[in-house]
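The values are calculated or read from the model by the stated rules, or taken from the named source; none is laboratory data. What you see is a predicted model, and the numbers here were worked out from it, not measured in a lab. Note that we place each Cβ from the backbone using ideal geometry, even for glycine, and neighbour counts take in every protein chain shown. Note: areas computed on protein heavy atoms with side chains; ligands, DNA, RNA excluded. Shrake-Rupley method; radii C 1.70, N 1.55, O 1.52, S 1.80 Å.
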Amino acid sequence: KTKYSKLIFRKSDTVPGELHQMVQESFLTLREHNCFFQDLVRIKGKDFLTPVSRILIGNPGCTYKYLNTRLFTVPWPTEGYDIKYCSPQIHDACKALMRLNDYFHFEAVKALQGQNLFETKEIKATTVIDREQGSVSKDQSSVCVPEDDKSLKDRTSYNLTLLNYMDPLQMLYLKQEPYFGMGSMAVSWHHDENLVERSTVAVYNYSCEDSAIQESKEQELKGRDPAVWHVGLKVAWDIETPGLAVPLHQGDIYLMLDDLNMTHQHCVLAGLSPRFSSTHRVADSSRGTLEYILGQCELALQNLQTDSDSMAWSLKSLEAAVVKQVEEIHNEVEFEWLRQFWFQGKRYLKFTDWWLKPMAKLEEFWRKLEIMTSLALSEVRKEQQIEEQRNETISCFLPLLKERQKLRKEWTAR
């Protein structure tokens, strides 16, 4: 109750039956269409294929980055966007997950409001006891500041869901949980990355349970049942406090409220049957949306001009700060967007061609950024350049060019 108070777990019978049916059908549809993919992630300079297969579904133009891999959302049917799906079944699956997203938003707001109310009562009760003992501190009354609706909405307005699928019987090897003897792990201990601070994570579990699970229930077991999927939680960087392993059955949901994702780590403990999950997040979209990167490109291209007579390109400014900003954006477009997208092949075309136009636009911007690099190099080489200004430009410019060269070699090798 004290160490894991911000974990809210609910059995499947608390979720509307119609929603269960829609969501579970959508998982099976996506599997039938081969829409789950293992990601090639980079850890400490080495590439690994994830044991879990995934797909990201969410707001159009949104992305989510984890372990140096950027995933691009398959857009769910959002009002005001023209999204053409490859089949009506894919459309219906994305729509069902959008419905689940709305449900989780409503439930997360309720859960946080309940938690805030509980904490307010706790603090008031403590204050009364302290007053009776004559030891109330001056700032006690300001400890609990009621949270406004906007803050609650911001931390529960999920902009995407990362769907996971794994059949443990297809895996040759799964790591064992190292601290508490919890058994085989589908996903090792981690914090979810790239999220809005103190935002809630909401998870829907669908394990395809069968007779093998029922049989294991009849046996006398100590500890967790290895046939059943579990979510594991532990206090971050602490193996003295006992870990928690919560069994997950078909249709169960759980919420990690407030700062739980930062103060604790979680893992997923494999059962015997195949399992899907839909993990809804408030991804930090400050640098991760299509709108953002297109804006950055427009900003960089403000330094490019065309001569009205000769139609030749030239740079408006050679100030070191301006050149540096343009080259930083150049690297961001190439390595955070274009290479990340095409590296994953044509996986998104199984769903929709929505990303193709934006990527073509980004490639066009990138070509102009390449021209701007050439122009800057030409200007730096000119002898009439003041040496001090030239040196300043080169010292800003060179590290970014070296970085670009290094990253191009890395991506080519991958």
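Results, tabulated for the structure shown:
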| quantity | calculated |
| --- | --- |
| Between 0 and 90°, nearest 10: helix 290-301 axis offset from the chain longest Cα axis | 20 |
| Whole-number accessible area per residue in Å² for the stretch 290-413, which is evaluated in the context of all protein chains at 1.4 Å | 57 |
| Relative contact order (%) - the chain, alpha-carbon pairs under 8 angstrom, separation at least six | 19 |
| Packing-based ranking, highest mean first, of 28-36, 66-74 given that Cβ atoms within 10 Å are counted | 66-74, 28-36 |
| Electrostatic dipole magnitude of the stretch 233-357 [Cβ: Lys, Arg +1; Asp, Glu -1; Cα centre; debye, to 20] | 680 |
| For the chain: rounded, prolate or oblate by the Cα gyration tensor [a/c cutoff 1.5] | prolate |
| Dipole of the chain [Lys/Arg +1, Asp/Glu -1 at C-beta], most positive-end residue of 342, 369, 206 | 342 |
| 0 to 90° range, to nearest 10: angle between helix 320-331 axis and the chain longest Cα axis | 60 |
| Normalised contact order of the stretch 1-130, rounded percent, pairs of Cα under 8 Å and 6 or more residues apart | 20 |
| Kirkwood hydrodynamic radius (C-alpha pairs) into Stokes-Einstein, the stretch 290-413, 25 °C and 0.890 mPa s, D in µm²/s | 155 |
| Accessible-area composition of the chain, carbon plus sulfur, in percent [1.4 Å probe] | 53 |
| Nearest 10 degrees, 0 to 90: helix 387-413 Cα axis against the chain principal axis | 50 |
| Relative contact order computed over the stretch 290-413 (Cα-Cα under 8 Å; 6+ residues apart), in percent | 35 |
